[in-house]
Amino acid sequence: MKFTTIRRVAAVFLTAGLSLAMTGSPASADRPTRVDFTVSEMLPIGTPGDLSASDVPGCESGTVTTPDVDTYERGRRTTFTGTKLVDCGDGDSFTMWFAATGVECRETIRGFWVLVGGTGSFDGAWGAGRLTGDYVSATGGQGDFCDNAGVDDRYTGRIRLAG
C-alpha cells in the first residue's frame with residue numbers, strides 16, 4: 001500500500017472518529033468526555049503493557065495488548081498502524097485503531113487513534129484523539145527510535161459511552 005493511500009485512509013478514519021466523538025448519534029443527549037491516559041509497552045510487539053494515569057470512565061487501569069502492527073517506511077520516516085486492545089477488567093474493554101509516525105533516531109512519535117469497538121460499558125462507545133509516544137531505553141530512561149526497548153504512549157481525546 002502506498003504511503004499516500006495510508007494518509008488518505010488515516011484522514012478518513014480521523015475525520016469520522018472525531019466527528020462521531022464530538023457529536024455522538026442524533027438521538028443521544030450525552031456529551032463526549034475528555035480523556036487522557038498512558039499506555040506503557042515493551043518490545044517485542046504483542047507483549048502485554050499497562051494502562052496508567054487514566055481518566056477514562058470505568059477504566060482507571062488495565063492491561064493493553066497490540067495484536068497487530070503494520071509499518072510503512074518512507075525515507076527517514078516510519079509510520080506504524082494497528083490496533084490496541086485495552087482490557088479494563090470486569091468484562092469492560094475497548095479496541096483502538098492507531099496510526100503514528102516516527103523519524104529515524106528521534107525520541108518521540110506522533111499520531112492519532114480512533115475507538116473502533118468495545119465490550120461491557122464500552123459497547124457502542126465512540127472516541128478519537130491524538131497520541132504522542134516517548135521511546136524508553138532498556139534501562140528505563142529516555143530512548144529513541146534507533147535504540148529502544150519500548151514506548152510510553154500518551155493518548156488524549158474524547159470518548160462518548162453509549163449508555
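The values are calculated or read from the model by the stated rules, or taken from the named source; none is laboratory data. Predicted model only: the values in this text are computed from it and were never measured. Cβ atoms come from the backbone with ideal geometry, glycine included; neighbour counts cover every protein chain shown.
I'd like to check something: does segment 81-92 contain any residue that is at pLDDT 95 or above, among the hydroxyl-bearing types (S, T, Y) and out of contact with any Pro (no Cβ under 7 Å at 6 or more places or on another chain)?
yes
When V103 is evaluated against the numbered criteria (1) of a type in the set (A, V, I, L, M); (2) farther than 17 Å from V64 by Cβ; (3) within 18 Å of the chain's Cα centre (by Cα), which criterion, by number, is the only one it fails?
Among (1) of a type in the set (A, V, I, L, M); (2) farther than 17 Å from V64 by Cβ; (3) within 18 Å of the chain's Cα centre (by Cα), V103 violates only (3).
Hey, can you tell me all the residues within segment 65-111 that are more than 16 Å from T38 (Cβ to Cβ) and touching a helix residue (DSSP H, G or I) at 6+ places or on another chain (Cβ under 8 Å)?
Within segment 65-111, Y72, R74, T79, T81, D90, G91, D92, S93, W97, A99 qualify.
Out of (1) at pLDDT 65 or above; (2) within 21 Å of I109 (Cα to Cα), the odd one out for T5 is which?
Only one criterion in (1) at pLDDT 65 or above; (2) within 21 Å of I109 (Cα to Cα) is unmet by T5, namely (1).
Looking at the structure I just gave you, is T83 touching a residue at least 24 places away in the same chain (Cβ under 8 Å), part of a strand (DSSP E or B) and farther than 19 Å from T47 by Cβ?
Taking the combined requirement at face value, the residue does not satisfy it.
Condition (residue is more than 16 Å from the chain's Cα centre (by Cα), surrounded by 14 or more Cβ atoms within 10 Å (Cβ to Cβ) and at pLDDT below 85) applied to segment 9-21: is it met by at least one residue?
yes
Under the condition of being closer than 24 Å to G150 by Cβ and among the charged types (D, E, K, R), which residue from segment 115-138 is surrounded by the most Cβ atoms within 10 Å (Cβ to Cβ)?
That would be D134.
So F37 ticks every box in (1) within 19 Å of C146 (Cβ to Cβ); (2) out of contact with any Gly (no Cβ under 6 Å at 6 or more places or on another chain); (3) not in a loop (DSSP other than H, G, I, E, B) but one. Which box is left unticked?
(1)
Output the residues belonging to segment 39-57 that are surrounded by 14 or more Cβ atoms within 10 Å (Cβ to Cβ), modelled with pLDDT under 90 and either touching a helix residue (DSSP H, G or I) at 6+ places or on another chain (Cβ under 7 Å) or among the hydroxyl-bearing types (S, T, Y) (or both).
Listed by number, the residues that qualify are S40, S52.
Which residues, counting only those in segment 58-95, are exposed (fewer than 14 other Cβ atoms within 10 Å of the Cβ) and hydroxyl-bearing (S, T, Y)?
Hits for segment 58-95 are S61, T71.
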